[in-house]
1. Can you pull out every residue in the stretch 117-147 that is among the small types (G, A, S) and either open to solvent by less than 10 Å² (accessible area, probe 1.4 Å) or within 14 Å of the chain's Cα centre (by Cα) (or both)?
2. Let me spell it out: the conditions are (1) closer than 20 Å to S3 by Cβ; (2) open to solvent by 40 Å² or more (accessible area, probe 1.4 Å); (3) modelled with pLDDT of 95 or more, and A158 meets all of them except one. Which number is the exception?
3. For the stretch 38-72, which positions are within 22 Å of A111 (Cβ to Cβ) and of a type outside the set (A, V, I, L, M, F, W, C)?
4. Of (1) open to solvent by 10 Å² or more (accessible area, probe 1.4 Å); (2) touching a strand residue (DSSP E or B) at 6+ places or on another chain (Cβ under 9 Å); (3) under 30 Å from R137 (Cβ atoms); (4) modelled with pLDDT under 95, L56 satisfies all except one. Which?
5. Test M101 against the stated conditions and say whether it is under 16 Å from M35 (Cα atoms) and either surrounded by fewer than 18 Cβ atoms within 10 Å (Cβ to Cβ) or among the polar types (S, T, N, Q) (or both).
6. Among the strands (runs of 3 or more DSSP E) confined wholly to the stretch 1-85, which include 3 or more residues that are touching an Asp or Glu at 6+ places or on another chain (Cβ under 9 Å)?
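The values are calculated or read from the model by the stated rules, or taken from the named source; none is laboratory data. Treat the numbers as computed from the prediction; the structure is a model and nothing was measured. Ideal geometry is used to build each Cβ from the backbone, glycine not excepted, and the neighbour counts take in all protein chains shown. Protein only, heavy atoms only, side chains kept; ligands, DNA and RNA dropped before computing areas. Shrake-Rupley method; radii C 1.70, N 1.55, O 1.52, S 1.80 Å.
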Amino acid sequence: MGSGQSADSARCAELGAWLATQRVHLLTGGGGGVMAAVSRGFFEVSPREGLVIGVLRGSGDGGAQPMPGYPNEWVELPIRTHLPLSGTQGTDPMSRNHINMLTADVVIAMAGSSGTQSEVRLAVQYRKPVVAYLQDRADIPQLPEEVPVAGRLEDVQAFVIDALRGAP
């Protein structure tokens, strides 16, 4: 989870590539920025067993047409929703963020703004293991104190491996 506008391409690529070696699926919101950069890193690993899955926002007109730019080109399994809200409204019941957080076994948050913050808050609310892969805690505004920050990929790897051991 992270910014839909921008991304630390190198960190995203290394995270995506590592996740692709872990026999997991990658679940994102299917958009640009961090979502696209991690998806690309994951997608480009061959062979791999997992898929790039994108849970897409609806356009807000009551239908299930995705927003422009969704899904990004690396999404292999798009899940279209009618749910239009995000950003500061990311915890609202009409946000796809609930689907992402309820479906994930572990959540990795990267730099972002209000949408990322809402996803992290939902992960905490739904008691999902969540780690923030950040250079600075301030890279996600109002990051809940109970969310650990990992500055190195190795720390994220250890967190994810430990969390997946306890996953149902």
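1. Initial filter on the stretch 117-147 (among the small types (G, A, S)): 118, 123, 132, 138.
Listed by number, the residues that qualify are S118, A123, A132.
2. With respect to (1) closer than 20 Å to S3 by Cβ; (2) open to solvent by 40 Å² or more (accessible area, probe 1.4 Å); (3) modelled with pLDDT of 95 or more, A158 is out only on (1).
3. S39, R40, G41, E44, G54, R57, G69, Y70, P71, N72
4. For L56, the failing item is (1).
5. no
6. 52-56
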